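The structure under discussion appears below in the form of structure tokens.
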Amino acid sequence: SLVPESCFSNLLATDESFEVPIELIQSRDYRMSLGSTYAYKVHVKFLDKTTGVLVYDNTLNDTVQVFEFQMFDNRMVRAIVSLPHEHGKKVLGGLTEKPKRYCVGIKIESMITRK
């Protein structure tokens with residue numbers, strides 16, 4: 001699982017996703033950044049690891065790519081990162097076109113809040 005101030009990257013096609021377990025600690029402020037070589041914005045969802053409840057979905061917030069948040073309790077989440085599925089697979093005769101892959105990265109950093 002990721003600890004605060006970590007990054008992870010992967011090669012994804014538009015119909016794939018990857019999952020990253022993250023431990024978020026109470027009373028800490030975090031900044032998460034998403035990046036890609038794809039022309040569209042990256043999608044991310046946080047699901048509670050034990051209950052499966054949706055904690056955050058950036059598609060509900062105009063697919064924001066850099067966001068900051070604070071944790072009110074310790075929580076293990078699964079970050080599910082994907083690219084928007086814009087085009088279907090092309091079938092030429094009996095062959096299916098190999099999907100293009102794009103580099104996708106996720107970075108989480110713990111921030112210090114001044115009092």
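The values are calculated or read from the model by the stated rules, or taken from the named source; none is laboratory data. Quick caveat: nothing in here was measured; it's all calculated off a predicted structure. Here Cβ is always computed from backbone atoms with ideal geometry, including for glycine, and neighbour counts include all displayed protein chains. Side chains included, ligands, DNA and RNA excluded: accessible areas come from the protein's heavy atoms. Shrake-Rupley method; radii C 1.70, N 1.55, O 1.52, S 1.80 Å.
Given (1) closer than 20 Å to M111 by Cα; (2) at pLDDT 90 or above; (3) open to solvent by 20 Å² or more (accessible area, probe 1.4 Å), where does R28 come up short, assuming only one miss?
That leaves (2) as the condition not met.
State the number of residues belonging to the range 1-23 that are outside any loop (DSSP other than H, G, I, E, B) and either modelled with pLDDT under 85 or open to solvent by 30 Å² or more (accessible area, probe 1.4 Å) (or both).
11
Is one or more of the residues making up the range 72-88 on the phi > 0 side of the Ramachandran plot and either assigned to a loop (DSSP other than H, G, I, E, B) or open to solvent by less than 40 Å² (accessible area, probe 1.4 Å) (or both)?
no
Look at the range 31-45 and say how many of its residues are open to solvent by 70 Å² or more (accessible area, probe 1.4 Å), over 11 Å from the mean Cα position of the chain (by Cα) and farther than 20 Å from D73 by Cβ.
3
For the range 30-67, what are the residues that are in contact with a Phe, Trp or Tyr (Cβ under 7 Å, 6 or more places away or on another chain), of a type outside the set (A, V, I, L, M, F, W, C), in contact (Cβ under 8 Å) with a residue 40 or more places away in the chain and assigned to a strand (DSSP E or B)?
Residues satisfying the conditions are Y30, S36.
Every residue, every condition in (1) among the aliphatic types (A, V, I, L, M); (2) closer than 21 Å to E16 by Cβ; (3) modelled with pLDDT of 90 or more, yes or no:
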position	(1), (2), (3)
D62	no, no, no
N74	no, no, no
K90	no, yes, no
V104	yes, yes, yes
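Given D48, D57, D62, which one is open to solvent by 80 Å² or more (accessible area, probe 1.4 Å) and either within 28 Å of E97 (Cβ to Cβ) or not hydroxyl-bearing (S, T, Y) (or both)?
D62
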